[in-house]
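Report on the following structure.
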Amino acid sequence: MKSITVQELVSWREEGISHALIDIRESYEREVSHIDGVHIPMDDVLERLGEIPEDIPVVIHCRSGARSAAVTHALTNQYGRINVHNLEGGIRAWVTHIDPNLEVA
């Protein structure tokens, strides 16, 4: 399974590397804080599979990286998506290393 750190994600953004960021947390978690990107709750990922790009890297994130790792694994191994990355540490890592002003639910 591919993964990416929050620092690498920031580098991608600074370098203008095209990618999709997908937040799979529940709506109540996202309401507290979020990073840019699309919200597709974990339970909706399979029914909304068509919304997940195949032509650019996709970064999946959750609160700590566990749920997003499961989704990344499924997308890669069961659905043949080859350019999907788990955001290591999730939004908690983002708060720790990038933006300490965000809260985490």
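Scan segment 46-56 for residues that are touching a helix residue (DSSP H, G or I) at 6+ places or on another chain (Cβ under 9 Å) and either surrounded by 16 or more Cβ atoms within 10 Å (Cβ to Cβ) or not in a loop (DSSP other than H, G, I, E, B) (or both) and the total you get is 2.
Tell me, please, whether a residue that is in contact (Cβ under 8 Å) with a residue 60 or more places away in the chain, among the small types (G, A, S) and more than 18 Å from K2 (Cα to Cα) can be found in segment 92-103. No: segment 92-103 contains no residue that is in contact (Cβ under 8 Å) with a residue 60 or more places away in the chain, among the small types (G, A, S) and more than 18 Å from K2 (Cα to Cα).
Taking residues in segment 57-72 that are farther than 8 Å from G90 by Cα and in a loop (DSSP other than H, G, I, E, B), and partners anywhere that are modelled with pLDDT of 95 or more and not aliphatic (A, V, I, L, M), the pairs with Cβ atoms closer than 8 Å and at least 6 places apart or on different chains are P57/W12; P57/S18; P57/H19; P57/N83; P57/H85.
Look through segment 73-105, keep the residues that are in a loop (DSSP other than H, G, I, E, B) and in contact with a helix residue (DSSP H, G or I) (Cβ under 6 Å, 6 or more places away or on another chain), and return whichever of them is nearest to S27 (Cα to Cα). By that ranking, first place goes to A105. Output the number of the condition that M1 fails; it satisfies all remaining conditions of (1) of a type outside the set (D, E, K, R); (2) modelled with pLDDT of 95 or more; (3) over 11 Å from the mean Cα position of the chain (by Cα). With (1) of a type outside the set (D, E, K, R); (2) modelled with pLDDT of 95 or more; (3) over 11 Å from the mean Cα position of the chain (by Cα) applied to M1, the lone miss is (2).
Residue by residue, here is whether (1) over 11 Å from the mean Cα position of the chain (by Cα); (2) within 22 Å of E14 (Cβ to Cβ) holds:
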{"site": "E29", "(1), (2)": "yes, no"}
{"site": "I35", "(1), (2)": "no, yes"}
{"site": "V38", "(1), (2)": "no, yes"}
{"site": "L49", "(1), (2)": "yes, no"}
{"site": "H61", "(1), (2)": "no, yes"}
{"site": "A69", "(1), (2)": "no, no"}
{"site": "A93", "(1), (2)": "yes, yes"}
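Out of all the residues in segment 25-45, is one or more touching a residue at least 24 places away in the same chain (Cβ under 8 Å), under 24 Å from V104 (Cβ atoms), of a type in the set (S, T, Y) and in a loop (DSSP other than H, G, I, E, B)? For segment 25-45, residues touching a residue at least 24 places away in the same chain (Cβ under 8 Å), under 24 Å from V104 (Cβ atoms), of a type in the set (S, T, Y) and in a loop (DSSP other than H, G, I, E, B): present.
The values are calculated or read from the model by the stated rules, or taken from the named source; none is laboratory data. All figures in this text were calculated on a predicted structure; none of them were measured in a lab. Neighbour counts run over all protein chains shown; Cβ positions are idealised from the backbone, glycine included.
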